[in-house]
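The block underneath contains the structure these notes are about, expressed in structure tokens.
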Amino acid sequence: MIDISKPKEQFYFRFHFQKVNIDYRHINNQIMAKKMGNEMIKPTEENQNMTADVSSDLNRQAEDNQKHVKNLISQLTAATGENDKINKSLQDENRLLRAENKRKDGNISVLQEEVHKLKTKDTKVQKEYHKLSETEGKLQKAEKTIKFLRKENDDQDRNYLKTIQDLEDKLSELSREPKIEEGCFIDHHKSLEDQVKHLTIENKDHRDRIDTLETKCRRLQELNSTLEQERNTLKQQIDTWVAKKHSTVHIQMYAAVNKELCDKMMTELENMLSMQFELNDSIIEIEKYKDPPPDSRVPLIVICINASRLGTDVNQALSHVNRSRTIAVVVLHHKEYHALPRQPSEKMLIGSDYKHIGAIVDIAYLTTKGVYPCDMNEKSLDRLVNFIKVNSQSK
């Protein structure tokens, strides 16, 4: 069946269809000429037979040409239906890609919210710590005040007791002196009783103040204990978060071909991997090289552009690199989704030259879209993350 979606086949179809129409018109003209000649000239028996044969051949050829035209029309109809199917398939893929982009945007929003929450929590911890420090200062000041008031109250109690004792002694002395008049004695006794009463009231006020301060001190101690527990809990959460954040994963990237496309792909891969590791509370640090990197202990991602034969392109990308398990090859395919290879590159590269490589993954991209969402890219990204986790050294 002719594939009219190709330009060459379309040209052939139009040319052949025009040729058939011209032949068909030519045959009809010949038939009409024969009929007019037969009417003008009286045919002989031989001419009549010849004319009948020619007419029969022409009719048969016309019927064949009509059948061929019908066949071409049916092929055109089938090709149109196939084109509709392809368009519908592309529309479905486009909807899937939009849904995937929306899901990725949602993941980015969630990640940004988590970062904002962590910053808010850190600010809250600092405020609580400052508040706890102020409470501890108030508590220490209250304890000093209570100690001072207790000492002052004890001193006053001793002074009051001594004063009362002295007054009682004076009363006894006065009661034993016969020369003092009774009225003067009563006034002096009343004055002493007023002093004792005043001192007793003042002593009670001091004790009430001490009780109030002790109650306030107990409350501050309870508040301090609660704040201490909250601080320890938040400090533990922050220490855990900081420990995870400081578990930096180091990797390297290298491309044998110094092209602008390789630089763009390195930057895009760096952003994608950084996002994946941040979701797991880790930080990834990537060093990019235009020459083969010296450290073979750090995982190395080699960028390979699939421009010709797969084996030739991969060998060229690894020409200056010692192949080992700490190396992953990223094969870039500049193709639309429907044109991507159905078989992974690691299953096609089965020679002994490739068995020591840690991983071979495929990445689909377009110049206008970059690395676009598809099954191949999602699986390859997960494979790269696992490769880095297995071979990385955290500092």
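With θ taken as phi - 60° and the Karplus curve 6.51 cos²θ - 1.76 cosθ + 1.60 applied, the whole-hertz 3J(HN,Hα) list for the stretch 304-321 is 10, 8, 7, 9, 9, 7, 4, x, 5, 5, 5, 4, 5, 5, 9, 5, 10, 10 Hz, x standing for glycine and proline. Summarising the amide proton neighbourhood of residue 323: residues at separation of 5 or more, or on other chains, whose placed amide H is nearer than 5 Å comprise an empty set. Put simply, the Cα atoms of the stretch 248-391 extend 37, 32, 27 Å along their principal axes, the longest span coming first.
Loop-located GluC sites (Glu not before Pro) in the stretch 323-395 (DSSP state other than H, G, I, E, B) with a sparse environment of at most 16 neighbouring Cβ atoms within 10 Å: 336.
For the cross-link pairs 119/141; 117/290; 259/335; 144/204; 117/264, the ones whose C-alpha atoms lie over 28 Å apart are 119/141; 117/290; 117/264. Past 31 Å, Cα to Cα: identify those pairs from 102/355; 104/347; 124/379, in the order given. Result: 102/355; 124/379 exceed 31 Å. Each part reduced to its alpha carbon centroid, the stretch 211-231 and the stretch 317-355 end up 66 Å apart. Rounded to the nearest whole Hz, the Karplus-based 3J(HN,Hα) values (6.51 cos²θ - 1.76 cosθ + 1.60, θ = phi - 60°) of the stretch 83-95 follow the sequence 5, 4, 5, 5, 4, 5, 4, 5, 5, 4, 5, 5, 5, with x at glycine and proline. The mean sequence distance of close C-alpha pairs (under 8 Å, at least 6 residues apart), as a share of the length of the stretch 248-391, puts its relative contact order at 23 percent. The label-point distance for residue 118 and residue 161, in a model that sets each label 7 Å from Cα toward Cβ, rounds to 6.5 nm.
Here, each number is a calculation from the coordinates, and none is a lab measurement. Since the model is a prediction, treat every value here as computed from it, not as a measurement. Don't worry about glycine lacking a Cβ; one is built from the backbone with ideal geometry, like all the others, and counts go over all protein chains shown.
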